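Each reported figure results from applying straightforward, stated rules to the coordinates on display, with no laboratory input. From a predicted model like this one, the values you see are computed outputs, not experimental measurements. Heads up, the Cβs are rebuilt from the backbone with ideal geometry, glycines too, and the neighbour counts pull from every protein chain shown.
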Amino acid sequence: MFKSYYPKAGEIERKWFVVDAKGQNLGRMATRIAHILLGKHKPTFTPGVEMGDYVVVVNAGAVAVTGTKTNSRLTTKTYYKHSGYPGGMKSISLRDQLQTRPDRAIRAAVWGMLPHNRMGRSLLKRLKIYAEAEHPHAMQNPEPLA
């Protein structure tokens, strides 16, 4: 009788990858990042097991947004947050989000491609996003993501 392989916590090796977001399309980059965070690039991938690696995104402020109506998309795409109080709805456009807090735009794009449960929240903690080219994770020797 054959049994399926189920990886144990000690057998999982985590690598570090670095992604330069300068000039890359936001959605396509987010799918590659979610793929790495989930661990689907590994031959030992098992659904429901956190096998993914760490991802460091640099130059988040220079990410590109494409489409047929790019300028329209930058103004019509809005991010919402609510304080929980009446009248506490706040909204910000994609253009303003990329200028003020570009890490939030990338984090929201990647979060939309991860499972919305406990596992997805813990996977998102392995995503490190920086607006500039410098990052404090040089000691982990991150590999560039092709």
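Data for the structure
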item	result
Overall Cα dimensions of the chain, principal axis frame, Å, largest first	58, 37, 31
Positive-end residue of Tyr79, Ile33, Met51, charge dipole of the range 8-121 with Cβ unit charges	Tyr79
Candidate lysines for bridging to Lys81, where Cα separation is under 19 Å - those fewer than 8 sequence places away on the same chain excluded	Lys90
Point-charge dipole on Cβ atoms (K/R +1, D/E -1) for the chain, about Cα centre, debye to 20	500
Of the trypsin sites (Lys or Arg not before Pro) in the range 91-146, those whose Cβ has at most 10 other Cβ within 10 Å and which sit in DSSP loop	Lys125
Peptide ranges 49-61, 22-34 listed from the most packed, as the mean C-beta count within 10 angstrom indicates	49-61, 22-34
Cut-off 13 Å between beta-carbons: net charge of the residues surrounding Arg126, Lys and Arg +1, Asp and Glu -1	+4
Share antiparallel - DSSP beta bridges, the range 14-134, percent rounded to 5	35
